[in-house]
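Take a look at the structure below.
Just so it is clear, none of the values below were taken in a lab; they were calculated from the coordinates. Source: prediction; values computed, not measured. Note that we place each Cβ from the backbone using ideal geometry, even for glycine, and neighbour counts take in every protein chain shown.
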């Protein structure tokens, strides 16, 4: 890449760094899977309404979104926070072991990545980072959910649960109304039209 850009790698990094990199170039390090990142988001109409709301309503929407995410992750935990003990394969089945639950954290993001060095568009979403390890009831640490396969399988459903619970809260607490888009099938917030959603979707454009 440096050659294609007309740059000197040695000039950029220095001879010592290049020599050290070359010394390790054929060395293999098996890091395995350390964790997963589930990104939970909502339709652009809700993010747009959120961005245009007053300070009090913004805080309420954030609280309701995080409560909805907590419910959804709780379902994921109920389904997938288990370990496996014993050999699995060759006609044998490993034993499912109960655990203390999933280990991780959530990070709230309020905007999309910047476009053309300007601030990102409104995009309320959460990253759920889950460690690929669970503390089993026998005291041992094991990988999560059969090698994380079961952890990733319901990811789309978890997003649907979080989004549905947020819609229910916005309807109940704020009188919001939603209509299903004929184009995308998404439940959009009534009152935030397509032109306004497009104006705040520069990365998509």
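Kindly indicate whether residue 71 is surrounded by fewer than 14 Cβ atoms within 10 Å (Cβ to Cβ) and either outside any strand (DSSP E or B) or in contact with a strand residue (DSSP E or B) (Cβ under 6 Å, 6 or more places away or on another chain) (or both). Taking the combined requirement at face value, the residue does not satisfy it. Residue 10 fulfils the conditions (1) closer than 21 Å to residue 132 by Cα; (2) free of Cβ contacts under 8 Å to residues at least 40 places away in the same chain; (3) surrounded by 12 or more Cβ atoms within 10 Å (Cβ to Cβ) except for a single criterion, (1). Could you check, for the range 27-45, whether at least one of its residues is touching a helix residue (DSSP H, G or I) at 6+ places or on another chain (Cβ under 9 Å), within 30 Å of residue 185 (Cβ to Cβ) and assigned to a helix (DSSP H, G or I)? Looking through the range 27-45, at least one residue is touching a helix residue (DSSP H, G or I) at 6+ places or on another chain (Cβ under 9 Å), within 30 Å of residue 185 (Cβ to Cβ) and assigned to a helix (DSSP H, G or I). Can you pull out the residues in the range 53-68 that are out of contact with any helix residue (DSSP H, G or I) (no Cβ under 8 Å at 6 or more places or on another chain), free of Cβ contacts under 8 Å to residues at least 24 places away in the same chain and surrounded by 11 or more Cβ atoms within 10 Å (Cβ to Cβ)? Listed by number, the residues that qualify are 59, 63.
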